[in-house]
Structures are given as C-alpha cells and as structure tokens.
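The values are calculated or read from the model by the stated rules, or taken from the named source; none is laboratory data. All values derive from a computational prediction rather than experimental measurement. As a convention, Cβ positions derive from the backbone with ideal geometry for all residues, glycine included, and neighbour counts pool all protein chains shown.
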Amino acid sequence: MIWMIKKIYIYVISMILLNGLVGSISYLCFRKIRQQLERKGLISMCITVLRGAVLSFLMPIVIVLIYFIYYVYEEDYTMFALSPLVGWVFFVVGIIWTIGFLKAIVKTIRIQTQMNQLRKRACVCSKSILDCKNQWKEEVGVRRNVEIKTVYGLAVPIICGFLKPMILLPEREYNKEELKIICIHELIHCKHKDILWKQLCGLVRVIHWWNPLVKQLDMDVDSWNETYCDLESTTIMKSKKRYFTTICEIGISPFAKGAYLCAALGEDKSQLKTRILRIKSIENKNTRNVMAGTFLCIGLSFVVVAVIILSTIGYHKIYVETVWATEIEEDLPEEETEYTMDLKEYTAKRIGTNLAVTKLKQNIKKGEEIDVVQPLNAKTRLETKELELKKGEKIDLTVFSSQEIQREDKDFVAGIIDGTGKERYVMHAVDIIHDFYVKKDGKYKVFVENRYKKKIKIGIAICVEK
C-alpha cells in the first residue's frame, strides 16, 4: 500500500512538472508565430493554436507515454522507484507546490464567491431586453438557455457561468443598437464556449502557479477570445465601425472581478485598439496566407511532438540514472559477502517454464559488481544479457527477497543458463548467496525467478571473477 502511494505521488509531481514544460514550449511557439498569423488575418487559426497551448498544460501526454513505454511495456520498474535522495527531493517539491496550490485555490474560491454574490444581486430585466436577447439567441445559433439580468454598480456587461450562463448588464438605459450589440457579443461568447476556456485557464493558473508564463497565457486567452467574438459579431452586424463605436459608447473600463470566470464587453483603450487592428487584418486573408499559416501551424506541431518525445526520453533517463546512483550508495552494503551459503545446486533444462521474461538493463562486466534493487512481477523471470565466459571463472550471485520464504520453498529461484538452455540454479533459501563456477567456455546469462502469485521486491548483486 505504501509503495503504491509513493508511486502515485511521484506520478503526480512528475506529471505537473512535465506538463508545465510542454505547455510552456507550446505557448512560446504560439507567441513566435502569433504576429505572422495575425498579419495574415488568420484569427480563427490563432485561437485554435492558443487553445491547444492551454490544453498542453493540462493533458498528461509525456507522463502517460513514460508509464506505458517504460513501466508497462519495457517493465522498467525503476521509473517509479524511490531512493532516499529522490524521495527527499520529491517530498520538498511536493510541499512547496502544495502551499502554492492551496493559496491559488483560496484565491479562486474568493473570486467564485464574488461572482455568485453578483448573480444573487441581479434583478429581472425589462421585457424589451428579454425580447432582444431571445431574438438574437436564435440568430446567433445558441440553443442553451441563457438568462439576462441587470446589476447595480456593474461597470460593463459580462457573461458568466458555463453550466448556467447568465448575461449581467449594468443598471442603466440602453437604446436598441446598444442592446443588439451587447446581446450578440455575449451570446457569441456563449456559443464559442469562452467561459469554459477561461475556467480551464483558471485551472492552469491553480496547478501551474509557479510558472511565470501562465499569467500572460491567461491574458492572451482573454484577448483572443474577445477578438474571436468580434470577428463573428462584425460579420453579423455587417459594420465594423458601428460595432466598435457602440462598444466605446457603452464604456471602456477594466473589469477586475472574476478575472478568469467571466467575459466582459468593455476593456481599456490599448486592448480595444488591438482588437480593432486584428479585425481590420481580416482584409489580408486569402488562399496564399491561409496556406502559409497552415504550414506554420504544422511546423509548430512538429516542434511540440519533438518536445514530447525528448521530454519522455530525457526525463526517463535522468530519473532512472538518479535512482540507480543514489539507491546503490544508500541501500546496498559496499563490503563484499564473506561467506557462501551451503545451497544444493540443481541442473536442468527448463526453457518451457511458462514464465514471463523481463530483461535486466545493466550490463555485466568482468571484475565489476553490479547492484540492483527493483520489483519483480508475479510469475516473472528476470534475465541478464548474455556474457562470454571461460572455464574456471566464477559468478558471485547474491539475491535478497522481500517475500517470507519457507525452507522448502521452490518459488524463489536464482541461477545461470548457458547457450544450450541448460540451467544450474539454487533455491530453498530466504536470501541466496552462491558462487557458480563456469565449467566450459560459452555464453551465459544470470536469472532470478519469482514464481509467487504476487509482486516482490528483490536486491541482486552480481560479480564475475577469474
């Protein structure tokens, strides 16, 4: 049980770190090609790439690849093992992350509470406002029920709530043109599921609070959501000038409440200017620019795939090498065994034993001892790579098991096998310490068998001497 908890703990921390790496590179790539796509009038392409960057912070692609490629397929159980040093590093990182995570959660709850209070304070609108909303709800193509209410003290119109969307209007008088643009704009936010994407950004900010790029990502998602909404709104209105003039008349002011829980119509002057320039760039959109933008996005995809592959290989290599280096130093005694157990050596040809076989990755070199600590699955045989040996050489083999073994137990076996498949092995011991002398030149492998019905943890020390 403790082993499983530790494994899940490593899995979660690794997932957060790797998602942060892949997400950051995806977002930086977006920023690299953003201006080129913007100049070409490819707004929908920009928003698609940006949303892909948001998802890359949340989708655990790298850790899933590591799990299935190395842990499941190649049976490299070192991937989620813990040496003393690695355990302390992950413990400290986990504590620091948890503190920041809890602070971000508290901030999110506070913002959500403010939004809930805002909704509770909302009053029923006049019939003319409701009729306008219902009319444009059908025109825009929104099938969900969207409420519309007024709130005293609100600076600009907003839409909030993904499951139960609600448009909130400042309490004031509106002419038909203003109501039309407000309803179209906010309903398009609902159609594009912008609140969902803002909430996903909120989740990214909570999980990756330590990442300095996340705040800028959130601002870009806000900005491009508004631009994407402007694009469809101006298409319906058929007049960019009238649309943006009305927005200016409604009010330009920042909306602080619910920074990533709602979509606001009003923004400051610089943001509004950016939105106008982006919509104007639509005039540059043509087949040539679309093709160029497509190639840019394909190039970005290759970069992200390369990052995922390199992250998978690199993280696995660094983690495993760190575990091996610190595990050997901390857990295994350096002094050599001063005795050999008096175990009976059996000889047989047992190739058809119907056990799953997993390979030991470490190479055996003459005169050098290798020390390994790892889990061994039930009904599984661990084999080393082949080694060329000469008559008279000796294989010092020491194997320890976490299983309570009885004296006559035949389910824990260790030995050597030659090139013809003939085996020499020993058993009937809790811990096996035995010297195998090579009787003829040839290729040999060392093996350990776990014939139990459950996974055990084993420690192996192998040394070849003349």
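Residues in the range 13-39 that are crowded, with 22+ Cβ neighbours inside 10 Å and touching a Gly at 6+ places or on another chain (Cβ under 7 Å) were compared, and the one that is farthest from Y228 (Cα to Cα) is S26. Exactly one residue out of K191, K198 is in the same structural domain as C248 (by TED's automatic domain parsing), buried (at least 20 other Cβ atoms within 10 Å of the Cβ) and under 28 Å from A53 (Cα atoms): that is K198. You will find that of D218, D222, D230, the residue that is within 13 Å of A53 (Cα to Cα), assigned to a helix (DSSP H, G or I) and free of Cβ contacts under 8 Å to residues at least 60 places away in the same chain is D218 and no other.
Can you tell me which residues in the range 27-43 are hydrophobic (A, V, I, L, M, F, W, C) and on the phi > 0 side of the Ramachandran plot? First the steps, then the outcome.
We begin by selecting, within the range 27-43, every residue hydrophobic (A, V, I, L, M, F, W, C); these are 28-30, 33, 37, 42-43.
Those that are hydrophobic (A, V, I, L, M, F, W, C) and on the phi > 0 side of the Ramachandran plot: none in the range 27-43.
Out of all the residues in the range 401-413, is one or more closer than 21 Å to K359 by Cα and without any contact (Cβ under 8 Å) to a residue 40 or more places away in the chain? There is at least one residue in the range 401-413 that is closer than 21 Å to K359 by Cα and without any contact (Cβ under 8 Å) to a residue 40 or more places away in the chain.
If I ask for residues that are of a type in the set (V, I, T) and loosely packed, with under 11 Cβ neighbours inside 10 Å, which ones from the range 107-138 would you list? Matches in the range 107-138: I109, T113.
Is at least one residue of the range 107-127 modelled with pLDDT of 95 or more, within 25 Å of C201 (Cβ to Cβ) and not hydrophobic (A, V, I, L, M, F, W, C)? Within the range 107-127 (the criterion being modelled with pLDDT of 95 or more, within 25 Å of C201 (Cβ to Cβ) and not hydrophobic (A, V, I, L, M, F, W, C)), the answer is no, since none of the residues qualifies.
When the range 81-109 is filtered for residues that are small (G, A, S) and over 28 Å from K198 (Cα atoms), the ones remaining, listed by number, are A81, S83, G87.
Checked against the criterion of being closer than 17 Å to L355 by Cα and in the same structural domain as K359 (by TED's automatic domain parsing), the range 431-446 contains one or more residues that satisfy it.
Go through the range 109-128 and give me each residue that's of a type outside the set (A, V, I, L, M), out of contact with any Asp or Glu (no Cβ under 8 Å at 6 or more places or on another chain) and not in a helix (DSSP H, G or I). Passing the criteria: C125, S126.
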